[in-house]
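Only one structure is covered here, and it is reproduced in the block below.
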Amino acid sequence: MGTLRRGALTRRRVGLRAADLEYAVLDVETTGLDPRTGARVVEVGVVRVRGDGTPVEEFSTLVDPRTEVRGREFHGIGDGDTVGAPTAAQLAAKLAELFSGAVVVGHNLDFEERFLASEFVPQGLPRGQSGLCTLRTLRSQLDLARYSLARASHDLSGDWPTGQHTALGDARACAGLLVELLANAPGTLHYTGPPPKALTPTSPSGPGGPVRWKPRTGAAPQGMGPVRPWRSAWRAVELDPLMCGGAFGARERAAAQSAAHRDTRLRAGLATAAAVTGALAAATAVGGLVVRRASGRGGLTGRTG
């Protein structure tokens, strides 16, 4: 079982109604792009929200990476900022609490999942929670020029997100994008992945007692803003989210669109074949019933004549 069990959103009538679920929208700021080269988490933000847009909880904290903090030009965090912040080991139980019973969401969730696997799973974060990538979802459902969190938010609603390159700011923007996605869809969206499961975290504590979080972003005064209508054209045919990762340039888009049209034709062919088979079966059954009734009447006449 992987760190997350990925699901997807679809307009087909399969899976769970997405608006009925809860989501733990995650963003991390790190010292680099790949934990295999020594990159570490320096900030975590989580926004817990219901599919109908009701906010549940917000959480953020700086994280002590126990190494030099690089990448300040991107996230604005320096070595002095992480002094006194909790470590990944102290944070794992809180993440389990925030993820429990929710679908874990990220914009390019592949990135967040790598750091969950490298830093928090070894410290006790349970594996196997449900996951959803809003980047792959947008690529699957809408035809946009750009799919970055900031660009997509602006192109769809007309507003740029605030608090960019802070973990909580980006988690808020992603949560808003998700809620608007569910509200603005041309039909009911369903989540097709494994259902979220309850986790059993333990209370985090350190040598001096309970952990003290160190947020650098204040709590939103009124939670999430109102759902905004989108200026968008939804794809007539959904793309496979598995084909919507990576750079997703012109070649990748063309391949995903071609595969989607093939799948659509295949499903239509199967539906037609099923309908024909059902009609033939019904006709055969009716014919057999007529024969049996006719046979029964003939037998009765023979006995009474």
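The values are calculated or read from the model by the stated rules, or taken from the named source; none is laboratory data. Owing to the predicted nature of the structure, the values given are computational and were not obtained by experimental measurement. Neighbour counts run over all protein chains shown; Cβ positions are idealised from the backbone, glycine included.
List of remarks:
- Of the residues making up region 36-77, those that are more than 18 Å from Gln90 (Cβ to Cβ) and touching a Lys or Arg at 6+ places or on another chain (Cβ under 7 Å) are Val47, Val56, Glu57.
- The set of residues in region 168-203 that are over 24 Å from Arg127 (Cα atoms) and of a type in the set (S, T, N, Q) comprises Asn184, Thr188.
- Test: Thr10 is surrounded by 13 or more Cβ atoms within 10 Å (Cβ to Cβ), touching a residue at least 60 places away in the same chain (Cβ under 8 Å), hydroxyl-bearing (Ser, Thr, Tyr) and more than 19 Å from Leu138 (Cα to Cα): no
- Test: residue in region 211-227 that is modelled with pLDDT of 95 or more and among the charged types (D, E, K, R): yes
- Subset of region 106-125 [hydrophobic (A, V, I, L, M, F, W, C) and either in a helix (DSSP H, G or I) or closer than 17 Å to Gly246 by Cα (or both)]: Leu109, Phe111, Phe115, Leu116, Ala117, Phe120, Val121
- Candidates Arg127, Arg114, Arg136 - the one that is buried (at least 21 other Cβ atoms within 10 Å of the Cβ), in contact (Cβ under 8 Å) with a residue 60 or more places away in the chain and at negative phi: Arg136
- Scanning region 34-57 for residues that are in a strand (DSSP E or B) and either at pLDDT below 95 or surrounded by fewer than 20 Cβ atoms within 10 Å (Cβ to Cβ) (or both) turns up Arg50, Pro55, Val56, Glu57.
- Residue match in region 22-33 (condition: in a loop (DSSP other than H, G, I, E, B), under 24 Å from Leu177 (Cα atoms) and not acidic (Asp, Glu)): yes
- Against the numbered list (1) in a loop (DSSP other than H, G, I, E, B); (2) over 12 Å from Arg40 (Cα atoms); (3) in contact with a helix residue (DSSP H, G or I) (Cβ under 6 Å, 6 or more places away or on another chain); (4) aliphatic (A, V, I, L, M), Ala92 comes up short only at (1).
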